[in-house]
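The values are calculated or read from the model by the stated rules, or taken from the named source; none is laboratory data. The structure displayed is predicted, hence computed values, not measured ones. Cβ placement follows ideal geometry from the backbone for every residue including glycine, while neighbour counts extend to all protein chains displayed.
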Amino acid sequence: MRAVDIIIKKREHLELSSNELKEFLHGYLKGDVTDYQMSAFLMAVFLNGLSDNELKVLTETMRDSGDLIHLEGVERFLIDKHSTGGVGDKTSIALAPLLSTFGIGTAKMSGKGLGHTGGTLDKFDAIPGFKFPASEEEMVKSIDHSGIGIMGQTEDIVPLDKKLYALRDVTGTVDSYPLIASSIMSKKLAVRSDGIILDVKVGDGAFMKTLENAQTLANIMRDIGSMFNRKVHIVLSGMEQPLGNAIGNGLEVYEAVESLKGNGPKDFEELITTITGIALVQKGDVKTIEEGINMAIEKLHSGEAVTALRDFVADCHGDASYIEQPEKFLTAKYKFELKAEESGCISQLKAESVGTAGMLLGAGRETKDDIIDHAVGIVLEKKVGDKVNIGDTLAVLHYNNENDKFKQSLALLQSAYVISNSNIETPKVILDI
Ligand code: URA
């Protein structure tokens, strides 16, 4: 069938056969189907959706478009935890070592941050000398030793998704549930894991702004998991305000390490112990998530998980003394304390503004080629539900340049805080599982 006929069929709400869709997608990979034809097709999908079979074929074709990571020989039960991205989201750095203390391995690919959201790759890059495992063989070794297998996204895994995502980005077709779900799941299915846990962020600083939208996306990803016989749990977690207190790469690793010693912020602790509880259910060690959470809390307060993180960092040529003495991350030249100008209760702390304020200091990238300053960022002293008096410190900016961007960052951070007269409850971090 000609490409134009496929596009017309999709436009007219007719279901494509498996062969028709596969042929069209392969044609795009080979260059026989043009970008403008694929753009029209994506818009038709955006408007008309995909049938279950089309969703399966799209996901499968993306998964099989590049290398698959089989992780042969790894004996540990393997979890792939994926977050849809947010502000202050250092979950993987603390979760993987915590899982390791239960004999659970982590196998995942991570990405770089862009705009107001951070990326796990940039956070580990704050550790001098650190280099991610570069091959499947190195990843297997790393999982065997520390239990942690995190590698950077490579060009060779799911290349069709990369090509389609770049096109979606410039054709107004990113925000389509089936396209997002198949894009995320194809990357999860390309890497061997025994359990997948998706942390879908909800709120101001996230891709999904409402609980309803996040639930719709979660249901589609869960259905894709079933189509491929994979265990999938989905956590919907709050991103109205940043997760934890630290935003910025070195600062976030510092906070993750402190959390592994039981000294972390409550919301962050709740998220990592909940995901660990789910992983223990997937592995079959416990019957209920609550049982698993209690085991995770106990482990967190024992400090045992720091060893796994230290081993992973050392295996990756990083300076492990940074994990033993995380205060080494606190190297920014200047600190500025943002003070409350009125008394009351914090009713809002807009995550996107805080993320952008961090980016302006140099903690993130405005465009994909920007260079990151790993020392800078923001530490929140007050969050939603906290009471404040005039003059109390709301947040501390860690920065290296007293330039216009610093002033813009400060103004943005100031505007991110809303203080009200009435009492506000501390928001829940886990919204649904
Ligand atoms: N993240 C992805 O990996 N793909 C999307 O389409 C959106 C977010």
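Observations on the model:
- Applying the criterion of at least 1 residues that are away from the ligand (no atom under 12 Å from the Cβ) and touching a strand residue (DSSP E or B) at 6+ places or on another chain (Cβ under 7 Å) to the helices (runs of 4 or more DSSP H) found wholly in the stretch 109-177 leaves 120-124, 136-146.
Conditions tested, residue by residue: (1) out of contact with any helix residue (DSSP H, G or I) (no Cβ under 9 Å at 6 or more places or on another chain); (2) in the same structural domain as ASN400 (by TED's automatic domain parsing); (3) among the hydrophobic types (A, V, I, L, M, F, W, C).
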{"site": "PRO178", "(1), (2), (3)": "no, no, no"}
{"site": "LEU189", "(1), (2), (3)": "no, no, yes"}
{"site": "GLY195", "(1), (2), (3)": "no, no, no"}
{"site": "PHE207", "(1), (2), (3)": "no, no, yes"}
{"site": "GLY225", "(1), (2), (3)": "no, no, no"}
{"site": "ASN229", "(1), (2), (3)": "yes, no, no"}
{"site": "SER237", "(1), (2), (3)": "no, no, no"}
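- Test: residue in the stretch 351-366 that is closer than 16 Å to VAL87 by Cβ, surrounded by fewer than 21 Cβ atoms within 10 Å (Cβ to Cβ), among the charged types (D, E, K, R) and under 21 Å from the mean Cα position of the chain (by Cα): yes
- Which listed residue, of MET38, MET43, MET62, MET109, is of a type outside the set (Ser, Thr, Tyr), closer than 21 Å to ASP315 by Cα and either assigned by TED's automatic domain parsing to the domain that holds ILE184 or modelled with pLDDT of 95 or more (or both): MET109
- Tally of residues being without any contact (Cβ under 8 Å) to a residue 12 or more places away in the chain and either in a helix (DSSP H, G or I) or within 24 Å of the chain's Cα centre (by Cα) (or both) across the stretch 282-293: 0
- Residue ranges of strands (runs of 3 or more DSSP E) in the stretch 350-433 with at least 3 members farther than 17 Å from GLY118 by Cα and free of Cβ contacts under 8 Å to residues at least 40 places away in the same chain: none
- Odd one out for GLY31, checked against (1) touching a Leu at 6+ places or on another chain (Cβ under 6 Å); (2) of a type outside the set (S, T, N, Q); (3) over 30 Å from GLY105 (Cβ atoms): (1)
- Scanning the stretch 253-278 for residues that are over 18 Å from LYS201 (Cα atoms) and either aliphatic (A, V, I, L, M) or in a helix (DSSP H, G or I) (or both) yields VAL253, TYR254, GLU255, ALA256, VAL257, GLU258, SER259, LEU260, GLY277.
- Residue within the stretch 8-20 that is among the aliphatic types (A, V, I, L, M) and either assigned to a strand (DSSP E or B) or touching a residue at least 60 places away in the same chain (Cβ under 8 Å) (or both) present: no
- Test for ALA320: is it among the small types (Gly, Ala, Ser), surrounded by fewer than 20 Cβ atoms within 10 Å (Cβ to Cβ) and either over 30 Å from LEU394 (Cα atoms) or within 24 Å of the chain's Cα centre (by Cα) (or both): yes
- If the condition is being among the aliphatic types (A, V, I, L, M) and either assigned to a helix (DSSP H, G or I) or free of Cβ contacts under 8 Å to residues at least 24 places away in the same chain (or both), then the stretch 188-225 contributes LEU189, LEU211, ALA214, LEU217, ALA218, ILE220, MET221, ILE224.
- Test: residue in the stretch 63-86 that is at negative phi, free of Cβ contacts under 8 Å to residues at least 40 places away in the same chain and part of a helix (DSSP H, G or I): no
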